[in-house]
Amino acid sequence: MKSLRKTFILALSLFVCTSEKIFCSQLEFETAGFGSSVLKSKVQAEWNEDFFTKHDSSTYNHKLARIACIFSELSYVDVKDSGQSNELLWAYEKIGMQAQDIDFHYDVDYTDSAWGWNQCAFSIGSKKIQTEKGSEHLVFIVMRGTPLNADEWISNINVNDLTKKASSLHQGFSVASEQVYNNLIEYLYRHKIDREKVYLLITGHSRGAAVANILSAKLADSNLIEKNKIFTYTFASPNVTIEEVGGKYDFIFNIINAEDIVPTVPFNNSQQWQYKKFGKSLVLVNAWNCDPTKYDTEYLPKMNAYFYKFMGRNYKPFRTGPFIPVQVTNILTNLNSSVEYYYNGTYALHAKFTDLLKKIFPDTKDLLPDEKTEGSGSVPLSIIKWLNNRTNGLADYATAACNDMHACESYLSWMLALEEKELFSTLGYKQIVIKGHEDISVMSSDKEILAKARDGMILYSSNHLPVAACSLPGKIVIGLPANQSFTLTIGNESLAPSSALVLVDKYGPDGVRESSEKEIRISPRQGKSYFLKGGKDNYWQ
């Protein structure tokens, strides 16, 4: 009798698992993004419809975030609107959606008079689910990031081509979100989906993340869908708005890599540049914001177990937290102090970026015969080789790191490799700006020299991680991670008296400046030096 009972239970379990996928917790997906399109890999992730029906959308769900990241990565596959078999379609089918209920909007016409360049490819899929209130619908909206063409890249830099002034929303992303919004309304109507009985998952990477961010805010503002039924997870989203977002959009989770410059643009580092994201930002671990030993011995090896499957090599981080993105955005805003100057100033970056993009992604039908040259946007190999010889391969490493900091495969590797309690950090860093011709040294807690400057210029040969330092016109900038302690000494051994201005800025984990101490003037001279405790501590003596 017991044997018969066990057989019945096993048979019932198999039936339930094959007929209702919500009970099959582990699903296998085949990856196929920009990098992993060459190296096909299969990954597993837990799936359950209870992620939506029994959880609050304003509470982060790491298992659901993993599913969202998988779909964001798969959004880069070469999809035709005919809906032919592809990895993205298979992923939809894995979670129980039928081909007839999946719309692919990938045949983008950039000559369209209404939308032009300001579009993005996206897909919408749905299925019925059972909830405590009866039968409802689950709808996925997945936006693709920027493809390898100039059109959507030019839309990325369209802060506001219309008025050339700051506006509440980034125009390129906002117009694209309007297109997705209209198609979503049409989809719900065509499939007879009651908007009061629907759960949404909205996701995307990079440009797709920005569109997802605005779309989610618009849906909440319009009350088209109940806010607590909208689940939004974005990856590497740029900034999208100058509005004060507050806590209104707490169902939107923006997952970012602090070493990635894309989430820092448009800028948020001056009175004239105050762009931000809707929702909450969660920052991935890096060498500056977590235990450095754990990062190297636990976190990176786990991450590389996935990354190597996708890319055929190990991940190459900058290992300097938000320092590089902060310096780049500060330099760019110094050149373009406002949106108006971005379009019309002496160093108007919009026109320069547009010209550069057209060289990197030439549209052959628009070029004259003598202009059709191969590799018109590439850096000559001779320069790369020269830089590698001078820097022991640093140029190649930096090139790979520039790709890795933003690649969706990097985000997916981190998401799959680590659990929530390991994955995110709230530690920022301290940045010291010194204006003057002083002698500077930075020491670790073990008294190791990690950076030196003489007469106001960084000696790059003496600069070692984890400290980051650079010389800029009239000043030195030094970044000190908050996960270690350092001592910074400012002195001057010359006989002539001198003075320097020192400013200490505190940055959050996402590279956004949180506070600035009052700029002070010091007068180092022979026999008198100044000390700054950085990293975990911060005081003068």
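The values are calculated or read from the model by the stated rules, or taken from the named source; none is laboratory data. Computed from a predicted structure; not experimentally measured. Positions of Cβ are generated from backbone atoms using ideal geometry, with glycine treated the same way; all protein chains shown enter the neighbour counts. Heads up: the accessible areas ignore ligands, DNA and RNA and are worked out on the full protein's heavy atoms, side chains in. Shrake-Rupley method; radii C 1.70, N 1.55, O 1.52, S 1.80 Å.
Report the local net charge at H205: Lys and Arg +1, Asp and Glu -1, summed over other residues whose C-beta lies under 9 Å from its C-beta.
Summing Lys and Arg as +1 and Asp and Glu as -1 gives +1.
I'd like the antiparallel share, as a percent to the nearest 5, of DSSP beta bridges with both residues in the stretch 138-257.
Here the antiparallel bridges make up roughly 5 percent for the stretch 138-257.
Quick one: which of K54/K94; K42/K309; K80/K218; K133/K229 span more than 18 angstrom between C-alpha atoms?
The answer is K54/K94; K80/K218.
Lys and Arg at +1, Asp and Glu at -1: add these up for the other residues within a Cβ distance under 15 Å of H170 and post the number.
+2
What GluC sites (Glu not before Pro) in the stretch 424-526 are in a loop by DSSP, with at most 15 other Cβ atoms within 10 Å of the Cβ?
Counting only loop positions with at most 15 other Cβ atoms within 10 Å, the GluC sites (Glu not before Pro) in the stretch 424-526 are E448, E493, E517, E519.
State the antiparallel share, in %, of DSSP beta bridges confined to the stretch 198-310, rounding to the nearest 5.
10
Residues of the stretch 136-151 with the amide nitrogen closer than 19 Å to a label point 7 Å from the Cα of Q171, along Cα-to-Cβ, please.
Output list for this probe position: 150-151.
Distance from the Cα centre of the stretch 245-319 to that of the stretch 96-166, in angstrom?
When both Cα centres are located, 24 Å separates them.
About its Cα centre, how strong a charge dipole does the stretch 149-264 have in debye, to the nearest 20, once Lys and Arg get +1 and Asp and Glu get -1 at the Cβ?
With only Lys, Arg, Asp and Glu charged at Cβ, the dipole is about 320 debye.
Under 20 Å between alpha carbons: how many lysine pairs meet that in the stretch 395-493, if sequence neighbours fewer than 8 apart on the same chain are excluded?
Value for the stretch 395-493: 6.
Roughly how big is the stretch 180-324's charge dipole about its Cα centre, with Cβ charges of +1 (Lys, Arg) and -1 (Asp, Glu), in debye to the nearest 20?
380
With every protein chain present, what accessible area does L450 have (1.4 Å probe, heavy atoms only), rounded to the nearest 10 Å²?
0
Could you tell me which of rounded, prolate or oblate describes the stretch 196-307, using a ≥ b ≥ c as the square roots of the eigenvalues of the alpha-carbon gyration tensor, with rounded for a/c under 1.5 and, failing that, prolate when a/b is larger than b/c and oblate otherwise?
oblate
So which GluC sites (Glu not before Pro) in the stretch 80-133 end up in coil per DSSP with only 14 or fewer other C-beta atoms within 10 Å?
Hits after loop and neighbour filter: E132.
Nearest 20 debye, what's the magnitude of the dipole of the stretch 47-160 about its Cα centre given +1 on Lys and Arg Cβ and -1 on Asp and Glu Cβ?
That gives a dipole near 440 debye.
For D78, D396, what's the largest-to-smallest order of accessible area, 1.4 Å probe?
If we order D78, D396 from most to least accessible, we get D78, D396.
Compare the Cα positions of N118, T131, N156 along the charge dipole of the stretch 107-156 (+1 at Cβ of Lys, Arg; -1 at Cβ of Asp, Glu; about the Cα centre) and return the one farthest towards the positive end.
T131
For a Förster distance of 22 Å, can you work out the FRET efficiency between the beta-carbons of Y397 and K302, rounded to the nearest 0.05?
Result of the calculation: an efficiency of 0.55.
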